[in-house]
Structure formats: structure tokens, C-alpha cells
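Since every read-out is calculated from the coordinates, none of them should be taken as a lab result. This is a predicted model, so every value here is computed, not measured. All Cβ positions, even for glycine, are placed from backbone atoms using ideal geometry, and neighbour counts span all protein chains on display.
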Amino acid sequence: MDSRIIVSLDFATAASAAGLVRQLGPAATFYKVGLQLLTAAGPSVVRELVDGGKNVFLDLKLLEIPSSVAAAVTAAGQIGASMVTVHASGGSAVLRSAVEAARHFPQLKVLALTVITSMDDEDLREVGVVSTVREQVLRLARLAVAAGCRGVVASPLEARMLRETLPSDTLIVTPGIQLASDSRSDHARFTTAAQAIGAGATHVVVGRPISCAPNPADALAAMRAELSAAR
């Protein structure tokens, strides 16, 4: 098993998510549960994955006042999540509140989301950020590490810059991953899993290239083979 691959359960129902988990079996050990599935199915979907021996990346993308973020991180720890995301753009007080809440759950790592992978420089300017994506990612990543976050979420195109800048034990989780044979993506900033890991990412989040493949188990195996060949 390759725990660097986090399979995204982007489904509208718990039954659909469970179907993919069954298809992948023991080959997949880490799953992402995002806002869609959590809203549709509730926290029980996370508990079931954890009870089944899986790690869960709970992608909440929290952006709220510090007390509300702390309460949500506490809830994530209570249901057994291994990772939870908080928007770094909330500032250091929000990040520190999340880190402090997670201290009560040894398995739970707080990851700071830098710039979502669908955004480019023009999108940042539209919301009043004059920095480039790379500049903003680095600024927010440094803020997150200073606040005590265990890792960051950024596109694979920023992975090398972050690996060369951040402490060596910082987790770098990269969405926007495609199979080498697949050119389709909703992400403005994407690469293959091997390219992301080679650039310094510790984990890759993979959605439709696996979940929408004719044979998801084969697609996962192909991605694992890509990573093995890149070592």
C-alpha cells in the first residue's frame, strides 16, 4: 500500500463512496472526505472509514472566527480524522486556534490551505490580492508553519518551492493530480502524482482519475506504479 495517495471520495451519497472503498479494498489506505460527502452523509461516513482501518483527510477548508474553527477541529478529532484543513488566509489567530484544538488528538494533523488549485494570478487579482500565486502560497505557508500547523495544502506546481523553503518535516499535500495518460482537469495548476512527489510533496490527493475510471482499482495500481518508478 502507498499511503502517499489520498483517494478523494467526491460523491453525493454514502453508498457511492462505500462502493469505491470496496472496489479499492486494502490497496487504498487514505481517503479524503470533503464538503459534499460530509454534508450529504454526515460524520458517520468518517467514523465508518476509521473503523475500517482507513485514514481520513477531512477537507473542511475552515474559514471562521478562531473559536468556531477550534470547535470544528475538535469535532474532527473526535470522529477520528487524521488530517483537517484550515484556510491559512484566516490569519495566525485562526491557525493557532486550530493547532491548539488538535493537541488533544494525537492522530490529528492541521493542514493550512494556501491557494486553492482552481485559482491563478488573475483570479487572485479579482479578489484584491496583488501577489502572484507563488508569492501568496509561500506567504501563507510560512504563516502556517509559524503558527504550528503540521503541513500545508498547495498545488503540485508549488511543491518544490515549498520543500526548499519550509522545515523538512512539513507535510505538503497536493490536489490537482492526474494520471500521466489523462489531460482533463478542473484545476488550473496540476501535474501527475510522480511529478508532485518528485517535487517534494508528501501526499497527493486524487479524485476522478480513480473514481471515474472504468476500473478504479486498475487506475490506482497505475498511479502506484508511477510513484514506484519515480523513486
>> Report D for the chain in µm² per second (integer): Stokes-Einstein, Kirkwood Rh on Cα pairs, 25 °C, 0.890 mPa s.
In response: 139 µm²/s
>> With a 10 Å cut-off between alpha carbons and a GNM built on the chain, which of Phe30, Phe57, Phe105 moves the most?
In response: Phe105
>> Antiparallel versus total DSSP beta bridges in the chain: what percent is that, nearest 5?
In response: 0 percent
>> Assuming 0.36 nm per residue, please report the length gained on full extension of the stretch Cys212 to Ala71 beyond their Cα-Cα distance.
In response: 47.3 nm
> What list of ³J(HN,Hα) values in whole Hz, one per residue of the stretch 112-128 in order, does the Karplus curve 6.51 cos²θ - 1.76 cosθ + 1.60 (θ = phi - 60°) give from phi, with Gly and Pro shown as x?
Replying inline: 9, 7, 8, 10, 4, 6, 7, 9, 10, 4, 5, 5, 5, 4, 4, 9, x
>> I want to verify a result. In a Gaussian network model of the chain, Cα cutoff 10 Å, which of these has the top mean-square fluctuation: Leu166, Leu143, Leu124?
In response: Leu124
>> Is there a quick way to get the dipole size of the stretch 5-230? I mean about its Cα centre, with the Cβ of Lys and Arg at +1 and of Asp and Glu at -1; what is the value in debye to the nearest 20?
In response: 480 debye
>> For Leu171, what residues show an amide H to amide H distance below 5 Å, using hydrogens built from the backbone and excluding near sequence neighbours?
In response: Gly151, Val152
> Under 5 Å between amide H atoms, partner at least 5 residues away or on a different chain: which partners does Leu62 have, H built in plane at 1.01 Å?
Replying inline: Thr85, Val86, His87
>> Using a Gaussian network model on the chain with a 10 Å cutoff between Cα atoms, which of Val206, Val69, Val130 fluctuates the most?
In response: Val130
